[in-house]
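**Q** Here it is, the structure, as structure tokens.
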Amino acid sequence: MLILGFESSCDETGVALVDASGSATPRLLGHALHSQIEMHQAYGGVVPELASRDHIRRVLPLTDAVMAQAGVPLSAVDAIAHTRGPGLAGALLVGSGVACALGMALGKPVIGVHHLEGHLLSPFLSADPPEFPFVALLVSGGHTQLMRVDGVGRYELLGETIDDAAGEAFDKSAKLLGLGYPGGPALSKLAQQGDPAAFKFPRPLLHSGDLDFSFAGLKTAVLTQVKRLAHAHPDGPATAHLADPLTPQQKADVAASVQAAIVDVLVKKSLAALEETGLQRVVVAGGVGANARLREQLNAACAKRKVRVHYPELHLCTDNGAMIALAAGLRVQAGRVDLTQGAAGYHFDVRPRWPLAELA
Ligand code: KG4
Ligand code: ZN
């Protein structure tokens with residue numbers, strides 16, 4: 001069964017084709033991605049209207065590229081999947097509009113996929129796929145959640161952020177240091193030159209006894225530290241950017257220290273989730289899952305406890321179409337999608353806010 005998937009929930013247009021025949025783990029036959037990062041950089045963050053318009057421009061050429069890569073015609077596609085939510089409403093509508101129109105034209109079923117289900121199942125496309133059950137640490141720009149995953153569609157929320165997401169904490173700290181958007185990759189690169197123990201940033205809710213997170217206080221702590229360093233400089237804070245008076249070493253030290261604080265909390269809470277559930281397997285998904293320090297620290301802590309850790313392939317950590325087509329394929333294989341409803345099963349209505357735990 002060939003499934004064509006579309007992702008357009010935020011600032012990446014992703015299209016992919018997977019083969020989900022029988023009960024074998026779905027295979028990726030082709031995928032293409034266009035990142036809008038460069039376009040949004042000038043604004044320091046994603047501009048929703050520009051995102052929607054760019055998805056419209058990119059989605060059909062990317063689809064042609066995927067079909068050419070896979071070497072099959074559109075008529076060979078058995079089902080079409082799209083991200084139904086959560087995400088930016090206008091951006092989501094582009095993917096759902098294209099998927100439903102294509103489904104209608106080809107007379108094929110359309111499957112609306114939850115974006116976070118895509119992320120959390122994405123390691124199934126890696127060379128070392130996980131087995132159920134596992135603890136999932138979902139860390140993206142919009143979400144930070146720990147889930148217990150017993151199977152496809154069987155998700156129990158263990159804890160989540162009560163304010164900012166981990167990716168947001170990276171992005172906001174990076175902005176305070178005058179780094180570009182998105183800040184996560186830039187901050188983690190700069191952190192390589194810094195001392196993670198240079199500044200003691202707070203580890204919020206580390207000992208709260210539950211599995212919730214809070215990262216909003218971190219940006220205030222980073223702001224206070226950057227201001228302190230800037231004021232101590234002879235040029236003072238009267239520069240274009242608050243962080244300009246800081247030496248490259250000071251900036252790297254702040255980056256390394258804030259990264260250490262975020263990673264510390266993510267690792268400790270993941271270990272607590274493993275302990276609470278008694279599970280021996282953890283899956284890390286979402287953009288922040290690409291972070292090298294998170295991988296190092298989590299791998300080391302889990303190796304000690306004989307816990308297996310799984311990650312998506314590095315290029316599938318951030319948003320992409322492959323994870324959406326894959327999630328649809330796994331849902332079909334698990335018997336969680338009714339493919340016989342025809343157009344009545346189309347979900348043109350998107351769900352910008354959609355708790356993962358509501359999925360069945
Ligand atoms: O999953 P994703 O592509 O989009 C959402 O669904 O949000 O995640 C994007 C987030 C951004 O906040 C970005 O800064 C962060 O993932 N990110 C990283 C790294 N690569 C991406 N954060 C830390 N270290 C990285 N290497
Ligand atoms: Zn995402």
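The values are calculated or read from the model by the stated rules, or taken from the named source; none is laboratory data. Given the structure is predicted, the values throughout are model-derived calculations rather than measurements. Note that we place each Cβ from the backbone using ideal geometry, even for glycine, and neighbour counts take in every protein chain shown. Heavy atoms of the whole protein, side chains included, go into the accessibility calculation; ligands, DNA and RNA do not. Shrake-Rupley method; radii C 1.70, N 1.55, O 1.52, S 1.80 Å.
**Q** Which one of Leu17, Leu28, Leu50 is under 26 Å from Arg331 (Cα atoms), assigned by TED's automatic domain parsing to the domain that holds Leu92 and open to solvent by less than 50 Å² (accessible area, probe 1.4 Å)? Break it down stepwise before answering.
**A** Details: Leu28 fails: open to solvent by less than 50 Å² (accessible area, probe 1.4 Å); Leu50 fails: under 26 Å from Arg331 (Cα atoms).
It is Leu17.
**Q** What number of residues within the range 313-357 are open to solvent by 40 Å² or more (accessible area, probe 1.4 Å) and within 19 Å of the chain's Cα centre (by Cα)?
**A** Matching residues across the range 313-357 total 9.
**Q** Separate question: Checking the condition open to solvent by 10 Å² or more (accessible area, probe 1.4 Å), among the acidic types (Asp, Glu) and within 16 Å of ligand 2 (Cβ to nearest atom), which residue from Asp171, Asp163 passes?
**A** Values: Asp163 fails: within 16 Å of ligand 2 (Cβ to nearest atom).
Within the list Asp171, Asp163, the selection yields Asp171.
**Q** For residues that are assigned to a helix (DSSP H, G or I) and free of Cβ contacts under 8 Å to residues at least 24 places away in the same chain, scanning just the range 256-297, find the one that is surrounded by the most Cβ atoms within 10 Å (Cβ to Cβ). Break it down into steps so the answer makes sense when it comes.
**A** As a first pass, look at the range 256-297 and keep what is assigned to a helix (DSSP H, G or I): 256-277, 287-290, 292-297.
Restricting the remaining residues to those that are free of Cβ contacts under 8 Å to residues at least 24 places away in the same chain gives 275, 295-296.
On the way: Glu275: 11, Arg295: 16, Glu296: 12.
Per the stated criteria, the residue is Arg295.
**Q** Right, another one. For Gly184, which of the numbered conditions (1) over 13 Å from Val263 (Cα atoms); (2) within 11 Å of ligand 1 (Cβ to nearest atom); (3) out of contact with any Pro (no Cβ under 7 Å at 6 or more places or on another chain) fails to hold?
**A** Every listed condition holds for Gly184 apart from (1).
**Q** Picking from Ala273, Ala327, Ala301, which residue would you name as being away from ligand 1 (no atom under 16 Å from the Cβ), at pLDDT 95 or above and in contact with a helix residue (DSSP H, G or I) (Cβ under 6 Å, 6 or more places away or on another chain)? I'd like the intermediate steps shown before the answer.
**A** Working: Ala273 fails: in contact with a helix residue (DSSP H, G or I) (Cβ under 6 Å, 6 or more places away or on another chain); Ala327 fails: away from ligand 1 (no atom under 16 Å from the Cβ).
One residue alone meets the criteria, Ala301.
**Q** Being crowded, with 24+ Cβ neighbours inside 10 Å, modelled with pLDDT of 95 or more and within 16 Å of ligand 2 (Cβ to nearest atom) is the requirement here; does His34 meet it? Please lay out each step first, then the result.
**A** Details: crowded, with 24+ Cβ neighbours inside 10 Å: no; modelled with pLDDT of 95 or more: yes; within 16 Å of ligand 2 (Cβ to nearest atom): yes.
For His34, the condition - crowded, with 24+ Cβ neighbours inside 10 Å, modelled with pLDDT of 95 or more and within 16 Å of ligand 2 (Cβ to nearest atom) - is not met.
**Q** Another one. For Ala136, state whether it is within 16 Å of ligand 1 (Cβ to nearest atom) and either farther than 24 Å from Pro61 by Cα or open to solvent by less than 50 Å² (accessible area, probe 1.4 Å) (or both). I'd like the intermediate steps shown before the answer.
**A** Numbers: within 16 Å of ligand 1 (Cβ to nearest atom): yes; either farther than 24 Å from Pro61 by Cα or open to solvent by less than 50 Å² (accessible area, probe 1.4 Å) (or both): yes.
Yes, satisfied.
**Q** In the range 335-352, which residues are assigned to a loop (DSSP other than H, G, I, E, B) and touching a strand residue (DSSP E or B) at 6+ places or on another chain (Cβ under 7 Å)?
**A** Val337, Leu339, Tyr346, His347, Val350, Arg351, Pro352
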